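A quick write-up on the structure given underneath.
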Amino acid sequence: MSHWIIAPVILPALIAPIIAFVMRHDITLARIASVTGTLALVAITVGLTVAADSGETFAYRLGNWPAPFGIVLVLDRLSAAMVLLTSVLALLVLWHAIATGWDSRGRHFHALFQFQLMGICGAFLTGDVFNLFVFFEVLLIASYGLMIHAGGRERLQAGLQYVVMNLAGSTLFLFALGVIYATTGTLNIADLAAKVQAIPPEDSAMIRVAAMLLLVVFMIKGALFPVQFWLPATYANAPAPVAALFAIMTKVGVYAIIRVHTIVFGPGTPSIEILVQEWLFPAAIVTLAIGAFGVLGAGRLMPLLSFSVVGSMGTMMLAVAVFTPEATTAALYYLVHSTFAAAALFLAADLVKSRRPGGGLLVAEAPIIQNGLFAALFFGGAIAMAGMPPLSGFLGKLLVMDSLRMPAILPWAWSAILMGSLLTIIGFARAGSIIFWKSTALLEDLPENADQTDSAVVIVATKPATAMEVAPALLTLVILGMLAVFAGPITTYMEGAAAQLFDASGYVSSVLEPGQGR
Amino acid sequence: MELIVASGIGFLTAGGVYLMLRLRAFPVILGLAMLSYAVNVFLFSSGRLAVNMPPVLNPYGDATYTDPLPQALVLTAIVISFGMTAVLVMFALGAFLEAGDDQINMDGQGEELDDPDEEKDDLTETRA
């Protein structure tokens, strides 16, 4: 068992250079290697999740160095669920990219894709804040390449902004790590948890600075107000399958906040008290509002979806910000849901966008071939994202709202979530009716116009989507349905994950004590 | 020495932040490079400043030593920030060659908006 913990990091790390060096001239070979690797990753992560479901916290010590000195990877319910989520999402996105030919529109898609998976899995598994930084950089540098995949002026300019933003974030991360090391003398999360608890309140200035700096860094990754502004431009200009994969990248930020600010800087810490909650909660509300208004105001499809991602991050962070096991359970369920919901929307939008002459522009144009099918896909994704039954968004939002019953925050949280949902529904309904509905109205007007040469109302002759192209988007929607059907077992698992997360002493002892945790 | 190191980090950071807020790609790259220098020195000093001390324990005596871990961290940070700066330069070059200028700002006019359309009134610009 023990060596499998590092497999999600090693496997893509081995496959990526092979693809980059050996298979770079043969797209078929690269596709086979990439799909095989991702399938193996899914199998491994399923195994890890089953193993973690026992409730044990497994620590993997690289080189068998004792914990606070060597590097550790830690597998518990939360990190297992996150790597499983990553691998399943990656498989769907990869399928879509291959079926639609996105991967052959630029070079090195598959190598970058595998490096991205390596970084994401590493970030979820590491038990050391400095390694978290390193894995962040790995996933970021791969994401820079994926972001500008296939090139183009807009994309490169948006990519430049994205890189600058994240480099500034990385610098901030290093400052935070420097402060943490200077204050506590360790960077191992378990060791930090023990040492930060021992800091008396009167010496808290430095560690408070470190906690807040780290929070800002993770907020940049998670696209929370006031550092959310990179996300709409990046996601809107990235290739759509890449944007779908990026749905997990914002979750890395959320995961890091959940992990570090619960175990290390948790609410019971005497030197931190409720500092983190005080800032995170209002930020989440504003993020939710920005997302909702953005959905309502977007003039193109991709920015609209990007803003809906921002809104879902706000909803999730509301639940994270109260730092109770119930709310964290709700946040984790919503996290899984919103990842797949965003992916479903981006994949469906890619199918639509690539077939319309105006691209993602929200104007009525002649209907595309298979208008009904794409409308159904978009509708399904929109239902999930807006949080309407029967898909999992409804249950997710219900869980989040149910966990936010504390009188001090209930009016804020509930009104933000409910009004945000309403605005999102209106925004999606508007976009959907312009793209899919008004276009058929144009077609019905055709006999009255009687002008056959009017190019705006002639059905654009595009290839109909093959089953392979539609399948990933459809499968993502099926997964969303399954999330709703199996909400019971999933919530039970997430409850276990949250319980493990709030049991800081259990985490500390299984990582630090040599006999424990293998 | 503490004063020199601290004010050095401070000046580098201030300069880096100022340059990073410029609108052209080149000053922004310089600013990020300065910021990464600042953070490297900062990380280095997080293990306390010490002069003429080895970063290894001496088994033969009670010799004082300086903390080796920040040096390892700085090495990692230098490598990463150096690589990232190189990537950033390539991005800036790519954007410059594609767009013809090195503005960091995007003009907000997507290529998709270029086709003249009578329904343009329906359009709401989201990106400034």
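Worth pointing out:
- Of all residues in region A:95-111, those being surrounded by fewer than 24 Cβ atoms within 10 Å (Cβ to Cβ) and farther than 16 Å from A:Phe346 by Cα number 5.
- Members of region A:398-411 that are touching a helix residue (DSSP H, G or I) at 6+ places or on another chain (Cβ under 6 Å) and either aromatic (Phe, Trp, Tyr) or within 17 Å of A:Ala341 (Cα to Cα) (or both): A:Leu399, A:Val400
To keep it simple, each residue is scored yes or no on (1) buried (at least 18 other Cβ atoms within 10 Å of the Cβ); (2) part of a helix (DSSP H, G or I); (3) at pLDDT 85 or above; (4) facing chain A (nearest Cβ under 8 Å).
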{"position": "B:Met53", "(1), (2), (3), (4)": "no, no, no, no"}
{"position": "B:Gly61", "(1), (2), (3), (4)": "no, no, no, no"}
{"position": "B:Tyr65", "(1), (2), (3), (4)": "no, no, no, no"}
{"position": "B:Pro70", "(1), (2), (3), (4)": "yes, yes, yes, yes"}
{"position": "B:Leu73", "(1), (2), (3), (4)": "yes, yes, yes, yes"}
{"position": "B:Ala77", "(1), (2), (3), (4)": "yes, yes, yes, yes"}
{"position": "B:Ile80", "(1), (2), (3), (4)": "yes, yes, yes, yes"}
{"position": "B:Leu97", "(1), (2), (3), (4)": "no, yes, yes, no"}
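- Flag for B:Ala128 being modelled with pLDDT of 50 or more and either at the interface with another protein chain (Cβ under 7 Å from one of its Cβ atoms) or in a loop (DSSP other than H, G, I, E, B) (or both): no
- Odd one out for A:Gly152 among (1) on the phi < 0 side of the Ramachandran plot; (2) facing chain B (nearest Cβ under 8 Å); (3) surrounded by fewer than 23 Cβ atoms within 10 Å (Cβ to Cβ): (1)
- Residues satisfying the criterion are absent from region A:340-349 (criterion: surrounded by fewer than 24 Cβ atoms within 10 Å (Cβ to Cβ), in a helix (DSSP H, G or I) and touching a residue at least 40 places away in the same chain (Cβ under 8 Å)).
- From the options A:Arg259, A:Arg300, residue that is crowded, with 24+ Cβ neighbours inside 10 Å, of a type in the set (Lys, Arg) and farther than 17 Å from A:Phe218 by Cα: A:Arg300
- Filter result for the condition that a residue is farther than 24 Å from A:Tyr162 by Cα, hydroxyl-bearing (Ser, Thr, Tyr), facing chain A (nearest Cβ under 7 Å) and surrounded by 16 or more Cβ atoms within 10 Å (Cβ to Cβ), over B:Ser36, B:Ser46: B:Ser46
- Test: residue in region A:196-204 that is out of contact with any strand residue (DSSP E or B) (no Cβ under 6 Å at 6 or more places or on another chain), of a type in the set (A, V, I, L, M, F, W, C), in a helix (DSSP H, G or I) and farther than 30 Å from A:Gly311 by Cβ: yes
- From the list B:Leu3, B:Leu23, the lone residue that is under 30 Å from A:Leu361 (Cβ atoms) and more than 10 Å from every other protein chain (Cβ to nearest Cβ) is B:Leu23.
The values are calculated or read from the model by the stated rules, or taken from the named source; none is laboratory data. Every value quoted in this text rests on a predicted model; they were computed, and no experiment measured them. Neighbour counts are summed over all protein chains in view; Cβ atoms, including those assigned to glycine, are modelled from backbone coordinates with ideal geometry.
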